[in-house]
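Let me begin by presenting the structure, written as structure tokens, before commenting on it.
The values are calculated or read from the model by the stated rules, or taken from the named source; none is laboratory data. Keep in mind that this is a model prediction, so the values were computed, not measured. Cβ sites come from the backbone with ideal geometry, for glycine too, and all protein chains shown count toward neighbours.
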Amino acid sequence: MIKNLNFILILTTIVVLSAIGIIFIFGSGYSWVQSIKVSDWRQTPLYQNYVSDMNLAVLPLSVILVAVMGLCIPKRLFSGKALLRAMGFLLAATLATAALLGPKLGMGVLLVAATLIQVVVIGMTLAGDRRLSYETQGFFVQIGSAVLHLGFIIFLVDFILLSGSPAHLDVFWLSTILIGVGMVLCFYSAELARLRDSGPPPLADENK
Amino acid sequence: MGNTAYLSAREFTARVGQPLIDLILLLSIAILVFAVLPQLRTYTRFVVLALFAAFAAGWLLLVSFHYQIATHLVLVDPTGQLPPGSFTIPVWVENEKFYFWTLILGLLTVVGRRRPKAFQSTLELTFAGFGILTFFTSNPFSRPLADFHAGFTQYVQAVSTGQDMQVQVQAYYAMYGKMVGFYNSAYMWIHPPLLFAAYSTFVLAFIGCIFMLVKKQERYDKLAYDWAKPGFILLTVGLLIGYPWAVEAWKDQPWWYDPKVNVTLMMWLLYSAYFHARLYIHRRGMWVTTAILGYVAFLGVVVTYITTYVIPGIHSVAG
């Protein structure tokens, strides 16, 4: 059941990512047409309307993407009914906060919770805790995946909650480093494991 | 000011570069011809190496021209308030961009080992196609650094002909702004080359995806994946590094949802979708989905590149 849930979350991610991509293409096409029809159109109110419309089109899909990512995080820590309960609790907390304090803070709750869970997941992965659940086997791919997702969550936290703050760019660089390092660890896990195992002392086997 | 030395270096680059780009066209056509003539096919490898050597030689010529600019040209403030400045222009601006992309693609074409023959042949043909496109659309030797040259010439004319001080100051600040925010910007040395390197690896990933559907063999999926991986890392880091630059350079102008920004994000999202799909490639329907996402994502690369020249916007040279 959990395997299917993972697959459904991945399929949802693919559909949402592709859909946002298609919206961006439409946006560029519209922008092109307007730049032909209206001179210096970026200085006109039409451009502001275009930005608002794009926000309106992208926002629901971004919310789904953030929700899916937020829901992907607890699956490392929990399984079975506990996972469903954790997901339900996160979703309820998000919706309740969104209803009471606005969608931005609602997303913030989900992202901050996801950040905290992901930090715990990274700690447990580093400690070699076998209770964690990953689709892939091997230390480097697991820690890479965890660091990469933490980077993306922090990136979203930065843009949703900290965009006007003086810490915005510092947090941005932190997320960039985490994303870059996470990708290298994730994509080159087998090579890194070979490198590690070629020198003393030998550690656990790394599977691709 | 060293303007004479600059002009002579520019003239030299055009004079030596033109026969090189002609050679690039000839070698590119030769690769295409050799592909349809079985008796000549064995020589293709040598022609591909020669084509890469011609590209590399041309690039060294451009490097030398940029070095001459850095050492000879000085931008002097007519009011004397700001210290004199020089231009350290990276070798991937204006019509050098596609040349640089093709150069990296050429490198990836000639250094590869133990690739399936069909894949390598397709890659060599693609490299030749890029060579022909370079000749017809992005010849960096016909008018070396045309925009930079136009701007600097305007400044030199304003200063040397003793025009009104206000005109001199305007011409100076027009060039000074570009020097600080664009030509000499540290971001300029990191953001574009990472993206062009990514685009080059995506060409190989795209060819792998084509063979995934044609041959339906795992080795082509692995090839596509192996080349999409470094591309995605370079693309992601390159795009992220572009963000602080955008904030710094376009702070007073609206740039969010700019056409180039849109299509670049689209490209990233599609590659991200490709990687997610590949996690379940052995599930029913996911092999084809992954390959098609690989195609569409590469189409995103092409659209992103073309957008710069076609759709007007803050990140474009069109309009």
By residue number, the members of segment B:292-304 that are among the hydroxyl-bearing types (Ser, Thr, Tyr) and more than 19 Å from A:PHE26 (Cβ to Cβ) are B:TYR295
In segment B:156-192, residues that are within 30 Å of B:ALA228 (Cα to Cα) and surrounded by fewer than 18 Cβ atoms within 10 Å (Cβ to Cβ) total 5
Q. Would segment A:124-147 turn up any residue that is in contact with a Gly (Cβ under 9 Å, 6 or more places away or on another chain), over 30 Å from B:VAL310 (Cα atoms) and among the charged types (D, E, K, R)?
A. yes
Of those in segment B:258-274 that are more than 7 Å from every other protein chain (Cβ to nearest Cβ) and without any contact (Cβ under 8 Å) to a residue 40 or more places away in the chain, the residue farthest from B:ALA318 (Cα to Cα) is B:TRP268
Condition set facing chain A (nearest Cβ under 9 Å) and small (Gly, Ala, Ser), scope segment B:280-319, selection surrounded by the fewest Cβ atoms within 10 Å (Cβ to Cβ): answer is B:GLY319
Going through segment B:35-63 in order, the residues found to be surrounded by 13 or more Cβ atoms within 10 Å (Cβ to Cβ) and more than 20 Å from B:LEU23 (Cα to Cα) are none
Of the residues that make up segment A:41-62, is at least one aliphatic (A, V, I, L, M) and at pLDDT below 85?
yes
Expected single match for at pLDDT below 95 and within 9 Å of chain A (Cβ to nearest Cβ) among B:ALA277, B:ALA246 is B:ALA277
Residues of segment B:31-41 being in a helix (DSSP H, G or I) and free of Cβ contacts under 8 Å to residues at least 40 places away in the same chain, in sequence order, are B:VAL33, B:PHE34, B:VAL36, B:PRO38, B:GLN39, B:LEU40, B:ARG41
Of the candidates B:GLY238, B:GLY208, the one satisfying the condition of being in a helix (DSSP H, G or I), within 17 Å of the chain's Cα centre (by Cα) and among the small types (Gly, Ala, Ser) is B:GLY238
Counting only helices (runs of 4 or more DSSP H) wholly inside segment A:1-114, the ones holding at least 3 residues that are under 27 Å from A:PHE139 (Cβ atoms) and within 14 Å of another protein chain (Cβ to nearest Cβ) are A:2-37, A:45-72
